[in-house]
1. Towards the positive end of the charge dipole of segment 236-398, with charges on Cβ (+1 Lys, Arg; -1 Asp, Glu), say which of L276, W341, P388 has the farthest Cα.
2. Please work out the ratio of the alpha-carbon Rg of segment 236-398 to 2.2 N^0.38 Å and round it to two decimals.
3. Quick one: compute the contact order of segment 236-398, relative version, from alpha carbon pairs under 8 angstrom and 6+ residues apart, as a percent.
4. Let's test the formula: R0 of 30 Å, r as the Cβ-Cβ distance of E396 and D231. What FRET efficiency results, to the nearest 0.05?
5. Enter the per residue convex hull volume of segment 288-351, computed from alpha-carbon coordinates, in Å³ rounded to the nearest integer.
6. Which of the three applies to segment 349-399, rounded, prolate or oblate, going by the alpha-carbon gyration tensor with a ≥ b ≥ c and a/c under 1.5 meaning rounded?
7. What does the charge dipole of segment 236-398 about its Cα centre add up to, to the nearest 20 debye, if the Cβ of each Lys and Arg holds +1 and the Cβ of each Asp and Glu holds -1?
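Every number here is computed from the coordinates shown, using simple stated rules; none is lab data. Note that the structure is predicted; figures quoted are calculated from it, not measured. Because the Cβ atoms are built from the backbone with ideal geometry, glycine has one as well, and the counts that use them run over all protein chains shown.
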Amino acid sequence: MSVLDDDGTPVTILSGALGAGKTTTLNHLLTNPGDREIAVLVNDMGSVNVDAELVEAQGEGITELSNGCICCDLRDDLEVAVSRLARTGGFDHLVVESSGISAPAPVARLFTTGPASAPYRLDTLATVVDASSFRDTLAADDIVTTEDIRRKRPGQAETESEVRPLSDLLVSQAEHANVLLVNKCDLAEASDIDETEGLLAALNPDAERYRTTHGQVDADAILDTGLFGPDSLSESEHRARAIGHAEGHVHDPQSAYGVTSFAFRSRRPLHPERFLTYLRSLPDSVIRSKGLAWVAGRDHLALRYTGTGAVRRVIGYEQWIAAMPEQRQESQRRLRPDLPWDQEVGDRRTELVFIGREMDEESLREDLAACELTDEKLDTDFDSFENPFPEEEGEELTI
């Protein structure tokens, strides 16, 4: 079933960091559903599902998933749970409250492909953001691990600890959302709320945003919205929108909060050592940066770069079409008519977007441009140089 089919029970996935107010928001929805009957699936990272206990008093139709994350450990359990709910029936909308360490995209894909998608239609990805702490968390280099969750939820079974930057998780939850709920506005200064909204507008310009206190949001804002579309989970689509938005940032309202964004494009390869030094020395004013990079010595491989706060990663993304055999190049170009193509270098390019507060755009641009190879260096054989960047798809460099 297509995610855009009208048939199937609509699904809202509710994401957000630990303590952002997801459960409070869910409780409000259950007590103010409008004319809907809502079923709820709650995922919590503990052997005792605290969140389910907090919402079960609000009504029936609560299904618990504990001791894992539904985007990895509990995939099979999720499919069983939603299939059982579908057979039981008696509800108009399913709300999935994911754990505070779940990225929304893998959870969403469970409802767009495979057995879990058959009786359902993914409707909305909603993310709850803590207005009082969002900016500081993005700027920090804290990590979130299953050990952290175990301390917050005593009784968690022993599993291998997984490490992920908390700032990276927050950005993923914000960038994939169709709806952003800026919560805890009663605990935040007006300037913090404005800055949070400015950051969210730069991270995800297409999402609808609502300010909330105690999770009090109109059910129509996140249920039956029809906002989820075929491009909602596309990394390349998110990147293209962010770059396009950054190039027009002069007129954007978030600049009034000190939040700005800009895009850097180049058709010259980047010197590996200079580019690595550049990434390592990005100032604190850069809160989020991402995009594609063409690095000398990696003419066969597009590199995907993501940076959030002090955490930066470069991943071997996919083969440049220009590096493919000529016959395959032609077929790929027919499949992607909008692909930016240059007669000399093909699709090889650098496209990076930077989002931050009070950034020195001119300096950042000049320093990045200085990483480009000069005419004299273009013919250098960089394969003989030490190059820390990934050589194959899936390889990762943490900076």
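1. The residue sitting most towards the positive pole is W341.
2. Values: Rg = 16.1 Å, N = 163, 2.2 N^0.38 = 15.2 Å.
Output field value: 1.05.
3. The normalised contact order for segment 236-398 reaches 33 percent.
4. Values: r = 25 Å, r/R0 = 0.84.
With a Förster radius of 30 Å, E is 0.75.
5. Once divided by residue count, the hull of segment 288-351 is 89 Å³.
6. Numbers: a/c = 2.79, a/b = 1.36, b/c = 2.06.
Oblate is the answer for segment 349-399, as a/c is 1.5 or above yet b/c matches or exceeds a/b.
7. Numbers: 22 positive and 32 negative charges, 132 e Å.
It comes to approximately 640 debye.
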